[in-house]
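Novice: Below is a structure I'd like to ask you about.
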Amino acid sequence: MMKKKLIATTLVAVLLTGIAAGLAGCGSDSENADGKTHISILQYKPEAVKAFEKMEAEFNATHDDVYLTIESPNDAMTVLKTRLIKEDAPDIVGIGGDVNFSNFVDAEILMDISDFEGISQVKESYLEIAKNLEFVPSDGIYAVPYVANAAGVLYNREMFEKNNWEIPTTWEEFIELCETIKASGQLPLYFGYKDIWTCLAPWNALAVDLAPADVCRQVNKGETKFIDEYGEVAEKTLQLLDYAQDDPFAYNYNDACTAFANGESAMYCIGSYAVPQIQSVNPDMDIDSFVMPGSSNAEENVLNSGIDLQFCVTSNCKNKEAAYEVLDFLLQDSTIQTYLDDQNAVPCKDQEFTLPSSLDGMVDYINEGKMSDYQDHYYPAEMSVDAQIQTFLLNGDVDAFLNKFDTDWVRYNRDIIRKVQEYEEKGGN
């Protein structure tokens, strides 16, 4: 999930496997002196701490047999990995659908929750996204997708209506719109590329339109290379610079949000997660969004949406039934709505919810499940793809960038590639 780059994955597979081996005998007693079963959650989104405090209070006020504690630390992944090393894992973790989750599944740190009935309430598209994150497919289910975010193009609805600009549905229409805005003396786009993680926003939104959704798995299987799949993605990401402010590498994420909030650009290629930051500068701003129209064929464009938060039961949890009781509470419509109202998120539950107006242009894609995961969720943190994209955008050398991408992919995914190819050699079983 890419609101802020997660802490780099510093635990190698051997270490994680060692942690997993020790989990079976660890963890504090779930039964306490108060006669209640205590369940702990450690979740990685400190910006949502108020929502989680409200959830915790409501759960404890309405449940007599289980007591819930939710921790929302800064640098939560570092805290979690430290606790795993110390054999002090929480009962439930709230993490993103990314390579950290993939590593935890691979190391058997998470419990198979296939028997949790609440899984049936989750949209199939998000269950598929979670399953596809596994390096080697397994028979189990290891996460309850909770909320997602959507990335594409935010736009100033008032500015569009004032100038009679139409929402583009193809790449050619998008470029024509940018040319029209530029010719009017206004700025089409604003970027905050000083913060390298923001370079991934347009990259991911274009990649879901132009590259196979499972391109990383295909590369791991030896069926293709990134230089053969990412060429158009790279060229179009580079082309966007023609319509941005001078030297976008001198401005950070906050600068870009502030500039867009103040009407300095008509559009901003970023995810829905940026809306609260933008509206903190201009609370009255009328923001809407549309799917990045990366393809020349409107039917081929899909919403870039990944799992921003999912709940996983750790394998050391001593009271699965109590953990499931907590998960049931979290999946209640009112609980989910509390989170949506606080964080401008997209629900993974297959139910109608009140969504912010900033998602109006994406609602049909959300309801139809016409979406694809962020491709950077499959990239190893050590590879620093965001920094590679920034360097590429500065020098403009597509071939050098993609050749390095392929070389580094093999370097940092050697063990995973070996596992995938062994799996395939056994007939995929």
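The values are calculated or read from the model by the stated rules, or taken from the named source; none is laboratory data. Bear in mind the structure is a predicted one, so any value in this text is a computation, not a measurement. For neighbour counting, all protein chains shown are included, and Cβ atoms are generated from backbone atoms with ideal geometry for every residue, glycine included.
Novice: For segment 261-272, check the following and say yes or no: at least one residue is modelled with pLDDT under 95, over 30 Å from E424 (Cβ atoms) and not hydroxyl-bearing (S, T, Y). Write out each step before concluding.
Specialist: Pass one, segment 261-272, residues modelled with pLDDT under 95: 271-272.
When the remaining residues are screened for being over 30 Å from E424 (Cβ atoms), the result is 271-272.
Those left that are additionally not hydroxyl-bearing (S, T, Y): 271.
Yes, because at least one residue in segment 261-272 is modelled with pLDDT under 95, over 30 Å from E424 (Cβ atoms) and not hydroxyl-bearing (S, T, Y).
The rows are residues; the columns are (1) touching a His at 6+ places or on another chain (Cβ under 9 Å); (2) surrounded by 17 or more Cβ atoms within 10 Å (Cβ to Cβ).
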{"position": "F311", "(1), (2)": "no, yes"}
{"position": "V326", "(1), (2)": "yes, yes"}
{"position": "D333", "(1), (2)": "no, no"}
{"position": "N344", "(1), (2)": "no, yes"}
{"position": "S358", "(1), (2)": "no, yes"}
{"position": "G361", "(1), (2)": "no, yes"}
{"position": "H377", "(1), (2)": "no, yes"}
{"position": "T391", "(1), (2)": "no, no"}
{"position": "A400", "(1), (2)": "no, no"}
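Novice: Next question, about the same structure. Run I336 past the list (1) within 20 Å of the chain's Cα centre (by Cα); (2) closer than 27 Å to L68 by Cβ; (3) modelled with pLDDT under 95 and report the number of the one that doesn't hold.
Specialist: Evaluating I336 over (1) within 20 Å of the chain's Cα centre (by Cα); (2) closer than 27 Å to L68 by Cβ; (3) modelled with pLDDT under 95 leaves (3) as the failure.
Novice: Against the conditions (1) out of contact with any Pro (no Cβ under 6 Å at 6 or more places or on another chain); (2) assigned to a loop (DSSP other than H, G, I, E, B), where does Y155 fall short? Just the number, please.
Specialist: Every condition holds for Y155 apart from (2).
Novice: Test T354 against the stated conditions and say whether it is surrounded by fewer than 22 Cβ atoms within 10 Å (Cβ to Cβ), touching a residue at least 60 places away in the same chain (Cβ under 8 Å), of a type in the set (V, I, T) and farther than 22 Å from W197 by Cβ.
Specialist: Against the criterion (surrounded by fewer than 22 Cβ atoms within 10 Å (Cβ to Cβ), touching a residue at least 60 places away in the same chain (Cβ under 8 Å), of a type in the set (V, I, T) and farther than 22 Å from W197 by Cβ), T354 does not qualify.
Novice: Can I ask one more? Could you check segment 172-191 and list, in sequence order, the residues that are surrounded by fewer than 20 Cβ atoms within 10 Å (Cβ to Cβ) and in a helix (DSSP H, G or I)?
Specialist: Hits for segment 172-191 are E172, E173, I175, E176, E179, T180, K182, A183.
Novice: Pull out all pairs, ordered by first then second residue, where Cβ-Cβ is under 9 Å, the residues are six or more apart or on different chains, the first lies in segment 228-255 and is without any contact (Cβ under 8 Å) to a residue 12 or more places away in the chain, and the second is buried (at least 17 other Cβ atoms within 10 Å of the Cβ) and hydrophobic (A, V, I, L, M, F, W, C).
Specialist: D228/L402
Novice: Right, another one. I'm trying to understand the selection: among the residues of segment 192-218, which are out of contact with any Cys (no Cβ under 6 Å at 6 or more places or on another chain), surrounded by 24 or more Cβ atoms within 10 Å (Cβ to Cβ) and assigned to a loop (DSSP other than H, G, I, E, B)?
Specialist: Within segment 192-218, G192 is the sole residue that qualifies.
Novice: Another question, if that's okay. Residues that are more than 29 Å from S280 (Cα to Cα) and among the acidic types (D, E): list the helices (runs of 4 or more DSSP H) wholly contained in segment 320-371 that include at least 2 such residues. Quick ask: steps written out before the conclusion?
Specialist: Numbers: elements: 320-330, 333-343, 363-368.
Filter on segment 320-371 gives 320-330.
Novice: Also, I was wondering about something else. Take the conditions part of a loop (DSSP other than H, G, I, E, B) and over 18 Å from K320 (Cα atoms) and apply them to N100. Does it pass? Lay out the reasoning, then the answer.
Specialist: Details: part of a loop (DSSP other than H, G, I, E, B): no; over 18 Å from K320 (Cα atoms): yes.
Considered against the rule, which asks whether it is part of a loop (DSSP other than H, G, I, E, B) and over 18 Å from K320 (Cα atoms), N100 comes out as no.
Novice: If we keep just the residues of segment 114-145 that are crowded, with 21+ Cβ neighbours inside 10 Å, among the hydrophobic types (A, V, I, L, M, F, W, C) and part of a loop (DSSP other than H, G, I, E, B), which is modelled with the highest pLDDT?
Specialist: A143
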